[in-house]
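Q: Please find one structure pasted underneath; my questions will follow.
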């Protein structure tokens, strides 16, 4: 399916209403698992990509080329819409415009941009800071103007809750909507009342809530968040955290027992090949054999 068609379908799905559960993928294999399980979309997580690709914390170490490469890899294995975490756009408004064009060509259906300073850091870390509102608004306007396909969505995230307070974060999100953002994302609300207040204050525009396992925002079920009015319920790094736990368990057993077979806490060899669609490539070999 062409990316234009995927983005158009995603936009229509959001317009229909009803919250969408959006798992994060740090790589193409995780995206395959997400698609295989029947989710409606996938989120390329900057934090997860930094952790898995570099083995480093989410503190601004990933660059645009690396994000574009992984966006393209995910688009190559799934027709699900991809929401891409583009951090703070890697500079000023001109850099943001370039970021949007690059990621749109790579296969993004939606591009998330935030208002943090450089270097940015995880939304649930201490020590964050945001740029002045005028600069943050210029990023969103540049992103909206830069997209080539009107169906490519711009997600405007604010981290001002941690630095300027809850109301300031809502006010920023409202101005981003005025600047053309299609979805807004108030990061790291800390209470149930704060979470509930976001869609109430920003009615008429789809809202994303980020549920970080172990983070600041209280965990709630999809039905509750749907009734509150959220459109996207993001679990950015469940795949990563579960994979990390699985590696620790399996490798711990290998270290202790010095051997491990398919009766251990691992996917089977056959399942591993199924998840990378080996049968498809076997058929291609047969088709094009000399």
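Q: Among the residues of segment 114-142, what is the count of those that are outside any loop (DSSP other than H, G, I, E, B) and within 18 Å of residue 62 (Cβ to Cβ)?
A: Number satisfying all stated conditions: 3.
Q: State the number of residues belonging to segment 53-104 that are farther than 25 Å from residue 136 by Cβ and surrounded by fewer than 20 Cβ atoms within 10 Å (Cβ to Cβ).
A: Result for segment 53-104: 10.
Q: For residue 139, state whether it is within 17 Å of the chain's Cα centre (by Cα), assigned by TED's automatic domain parsing to the domain that holds residue 212 and crowded, with 19+ Cβ neighbours inside 10 Å.
A: no
Q: Follow-up. Quick one: is residue 280 in the same structural domain as residue 110 (by TED's automatic domain parsing) and either over 19 Å from residue 31 (Cβ atoms) or modelled with pLDDT of 95 or more (or both)?
A: Here the answer is no, as residue 280 does not meet what is asked.
Q: Could you please let me know if residue 161 is touching a helix residue (DSSP H, G or I) at 6+ places or on another chain (Cβ under 6 Å), buried (at least 24 other Cβ atoms within 10 Å of the Cβ) and part of a helix (DSSP H, G or I)?
A: yes
Q: Report, by residue number, each residue of segment 209-222 that is touching a residue at least 60 places away in the same chain (Cβ under 8 Å) and within 15 Å of residue 20 (Cβ to Cβ).
A: Correct list: 210, 222.
Q: Right, something else. Identify all residues within segment 15-26 that are surrounded by 15 or more Cβ atoms within 10 Å (Cβ to Cβ) and more than 13 Å from residue 83 (Cα to Cα); write none if there are none.
A: Residue satisfying the conditions is 19 alone.
Q: Of the conditions (1) modelled with pLDDT of 95 or more; (2) in the same structural domain as residue 58 (by TED's automatic domain parsing), residue 252 fails just one. Which one is it?
A: The single condition residue 252 does not satisfy is (2).
The values are calculated or read from the model by the stated rules, or taken from the named source; none is laboratory data. Note that the structure is a prediction, hence the values are computed from the model and not measured. Neighbour counts are summed over all protein chains in view; Cβ atoms, including those assigned to glycine, are modelled from backbone coordinates with ideal geometry.
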